1. Quick check, is residue B:382 within 16 Å of the ligand (Cβ to nearest atom), without any contact (Cβ under 8 Å) to a residue 24 or more places away in the chain, out of contact with any Leu (no Cβ under 7 Å at 6 or more places or on another chain) and at the interface with chain A (Cβ under 10 Å from one of its Cβ atoms)?
2. Condition test on residue B:336, is it open to solvent by less than 10 Å² (accessible area, probe 1.4 Å), more than 9 Å from the ligand (Cβ to nearest atom) and not hydrophobic (A, V, I, L, M, F, W, C)?
3. Is it the case that some residue within the stretch A:169-178 is open to solvent by less than 10 Å² (accessible area, probe 1.4 Å) and not acidic (Asp, Glu)?
4. Taking the residues in the stretch B:339-353 that are open to solvent by 10 Å² or more (accessible area, probe 1.4 Å) and in contact (Cβ under 8 Å) with a residue 12 or more places away in the chain as candidates, determine which candidate is nearest to the ligand (Cβ to nearest atom).
5. Please work out which residue is farthest from residue B:408 (Cα to Cα), limiting yourself to the stretch A:174-191 and to residues that are within 7 Å of chain B (Cβ to nearest Cβ) and touching a Lys or Arg at 6+ places or on another chain (Cβ under 8 Å).
6. Taking the stretch B:296-328 as the region of interest, how many residues are within 13 Å of chain A (Cβ to nearest Cβ) and more than 11 Å from the ligand (Cβ to nearest atom)?
7. Sort out which residues of the stretch B:82-121 are closer than 23 Å to residue B:243 by Cα and among the charged types (D, E, K, R), and write them in order of number.
8. For the stretch B:233-279, give me each residue that is polar (S, T, N, Q), part of a loop (DSSP other than H, G, I, E, B) and closer than 22 Å to residue B:56 by Cα.
Amino acid sequence: MADTHDMQADARKPQVGLFATCLVDLFRPTVGFSAVKLIEDAGCDVHVPMAQTCCGQPAYNSGDRADTRAIAEQVIETFEGFDYIVAPSGSCSSMLKKHYPGLFKGDARWEARATAFSAKVFELVSFLADVMKVKAVDAAFDGSVTYHDSCSGLRELGISKQPRDLLKSVDGLAIKEMKDSDVCCGFGGTFCVKYSDISNAIVSKKTTNIDASGADVLLAGDMGCLMNMAGKLKREGSKIEVRHVAEVLAGMTDTKPIAGQAK
Amino acid sequence: MKLTSPQFKENSARALADQQLQKALLNVQKGFIGKRAAAAADLPEFDALRDNAREIKNHVLGHLDLYLEAYEKKVTEAGGHVHWAETAEEAREIVLGICRKRNAKTVTKGKSMITEEINLNEYLEENGIVPVETDLGEYIIQLRGEHPSHIIAPAVHLNKEQVEGDFRRVHTHLPQARDLTEPTSLLSEAREVLRKRYFEADVGITGANFLIAETGSSVIVTNEGNGDLTQSLGKCHIAVASLEKIVPTLNDCAQILRLLARSATGQDMSVYTTFSTGPRRPEDEDGPEEYHVVLLDNGRSAMLGTEFQEMLRCIRCGACMNHCPVYHAVGGHAYGSVYPGPMGAVLTPSLNGIDKAGHLPNASTFCGRCESVCPMRIPLPKMMRNWREREFERHLTPSAARYGLGLWAFFARRPKLYRFAVSFAMPALSLLGGTGRRIRSLPLAGGWTKYRDFPAPEGRTFLQEWAQRENRKQGAGR
Ligand code: SF4
C-alpha cells in the first residue's frame, strides 16, 4: 500500500534529465552527485542517460558546424523526453538553451524540436532558484567563500543573484566578494591553449583578485573556469581551496577539492 | 596603416612584456568601465534607446541605396559635392585631387579612423602635402610616428610621462620651464602649437560620426573642439565617411547620439557636436568655401545581406574594446589593424580578408562582455564565430586543431565508444596526477601546462559511478 502511494507521488514529480557535461563526467564526479542531490532535494526525480557525452561547444566555437549539429541531434534525442534538462554548467546550459535552435534554422522539423527542447533546459542553480523556487539549501560549510561569475552563465543566462542567495542559506558560510568577479577568467575553451600567453595574463589578474578577497574558498559554476583558475592557483602555490558551487550547496565537501587543501 | 594582424601572436607577446604599455592599459580598465556603467544607470531609457538605435540602423541598412541617394541629393542642393569611392585607393585619389586643385600645402585633420583605414596621411606626405593631426591623441601619435591603438582614445597606450617627453623633444621653441604634468597642460601645449596650423591650412579633413539623409548633413563629435576648427577655418572641408554612417533623419541621429558618448566615455554628450550642411552661405559668418564628402565603400557593401551585415550598425564608440579582457591584456596595436578589439575582430577580416586576419576572431574567450555593452546590440561573439566557421569551411583552421577536434567530435557522437575510451583514459590521467593530484606537464597541452597545473581527474567517471550506484540499488531492491 505504501509502495503504490509512493509511486503516485513520484509520478507527479518533475522528471529531470541530468546533463552532467563532459568535464564533470570526466574530471569531477562529485559535482554530478551534488547536482543529483540538489535536484532530488528540490522535489524532482533525476535520470542520467548513459548516451550523453558532450554538448558540442568545442566544435561549435571552432567553426565546425556540421559536427556540432550531429552532436546536438544526439543530445536532443537523448533528453527531449524529460520535463527538464539540467546541467551544472552555465556555458553548457547556454549552449543547449541559447545556441541549439540556431543550428537548425530553416530545417522545419528539427528547428521546432530544438526549440521545444531548449525551453526545458536550465543551468543547475538557476533551475533550483528560478524554477523550483528553492530559497534555502540544507547544508553547512564552515568558512568564507568568494564566487566567480562565469561568463556564459552570467551574460547569457543572467545567473548572478541565485548562487549568492543560496550560498547565504548555507550554515556557517560567509561570502567575501572579490574585485571584478564578473570579468572572464581567461579560459575560453580552446582559447586558453591556442593563446596561452594572453590567457595567462587574464587568469593572473583573476588569481590576484581571488587572493585579495581574503576568502578561504573559490567557487564557480563551470568546470572549465574552475580548472583554469585551480590550475593557476596551484602553480602559484596558493592554498585556496577550489570547488564547484554545487558541492558546497549540496554539503558534499568531504571530497578533495579541485585545488588547495580542504580545511 | 600596415596590416600586421597575421603577426597577432608575436605582437601580443611583445605587448605582454611591455611594462610601460601594461601600466597604460590599466587606465582603460579603471576609467572607461565605471563611467559607462554610471552613465547608463543614470538614464532609465538607456536600454530602450539601444533597441531603438538597433532598429534605426537595421532599417537603414535594409534600404541603404535609397538613403544614400537621398543624402547625395541634399548635399548637392546645399552646394556641396559627394564623391563615391569604392576602394581605399579611389578615396585617396579623390582627396588628393581636391587638395591639388586648391594648391594645398598643409591640411589639418580632425580625428578620423577612416583616413587611417585608407592610409591618407602617408599618401598626402608622399605627394608633398603636410597633414597635421589636431586631436590631442592623434597629434601625439603623429609626433611619434605611430598609429592609434584605440578608436576613441588613439594614444591610450601611452603614459603622461611619455607624452611629456615627446613634447619636450619636439616643441623646443616653447619655454622649457613649462609644466607638462597634467593632461590639461598637455592639451594647452598642443593647442599653442596647433593654433597656427589651423590658419595655415588650406584644407580641413574630418571624418563623420553620422551622415543624415534628411538634411544632407555630416556630423562630428569631439571633446576638444579641434574638429570644428579643422572644418571651418580652412577654405575647403573634406569629410571622409564610410557608407554605413548614414541615418535617415535628424531625430534618428539625436537618438543615437544619446548612446554614443555615454557608451564611449560615460559623458552625457561630447563637448562639441557639429552639424555641417554644405559650404558657407553668403549670410554665414564663417565656414569653408567648398564642402566635399567622400563616401567610402571599401568592402562594406559586400557585407550587406551576409551574416556580417549587423556589424555595419557600429558607431565606433569603443565600448567593446574598453570591456574586453583580451584588449586589456595586449592593447590595440597587437591587433595590427586600424580597428582593434572585438569590433575589429569582426570588421578587419571583412575589410582585409580572413586569410590575413584569422587570428582576430579566434583570439576571444567569448566572454560576451563586448556584446553586453555594445550600444548598437551587435552580437560580436556570434559574428566572430561566423568567421571561425568560414575559416573552418575553407580549411584555414590549423590542421592540428582540426584533427584534434575531429577526433573529439568522432567520439562525442558515439557514446558507447566514448564511454569505453574514457574508462581507460581517465584513470590513467588520474594516476599521472600522483598524490598531489596535479599534472605539471601534459603532452599536447603545452599551452595549458606552461602556465598552469592540470587538475587531475578523480579517476572514475561520473557516469560509471552513477551506473554502479543504480545497479546496486536495483540489486538491493530485488
Ligand atoms: S561594436 Fe558596438 S561597442 Fe564596439 S565600437 Fe561598435 S558600437 Fe561601440
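The values are calculated or read from the model by the stated rules, or taken from the named source; none is laboratory data. Keep in mind that what you see is a predicted model, and the values were worked out from it rather than measured. All Cβ positions, glycine included, derive from the backbone under ideal geometry; neighbour counts span all protein chains shown. SASA here: full protein model, heavy atoms, side chains in, ligands and nucleic acids out. Shrake-Rupley method; radii C 1.70, N 1.55, O 1.52, S 1.80 Å.
1. yes
2. Spelling it out, residue B:336 is indeed open to solvent by less than 10 Å² (accessible area, probe 1.4 Å), more than 9 Å from the ligand (Cβ to nearest atom) and not hydrophobic (A, V, I, L, M, F, W, C).
3. First, pick out the residues of the stretch A:169-178 that are open to solvent by less than 10 Å² (accessible area, probe 1.4 Å): A:170.
Filter once more, so that each one left must be not acidic (Asp, Glu): A:170.
So far as the stretch A:169-178 goes, yes, one or more of its residues are open to solvent by less than 10 Å² (accessible area, probe 1.4 Å) and not acidic (Asp, Glu).
4. Step one: list which residues in the stretch B:339-353 are open to solvent by 10 Å² or more (accessible area, probe 1.4 Å), which gives B:350-353.
Among the residues that remain, those that are also in contact (Cβ under 8 Å) with a residue 12 or more places away in the chain are: B:350-352.
Working: B:350: 13, B:351: 14, B:352: 17 Å.
It comes out as B:350.
5. A:183
6. Going through the stretch B:296-328 one residue at a time, the tally reaches 4.
7. Residues satisfying the conditions are B:86, B:89, B:90, B:92, B:93, B:109, B:111, B:116, B:117.
8. Taking the stretch B:233-279 as the starting set, the residues that turn out to be polar (S, T, N, Q) are B:242, B:249, B:251, B:255, B:263, B:265, B:267, B:270, B:273-274, B:276-277.
Restricting the remaining residues to those that are part of a loop (DSSP other than H, G, I, E, B) gives B:249, B:265, B:267, B:270, B:277.
Hits for the stretch B:233-279 are B:249, B:270, B:277.
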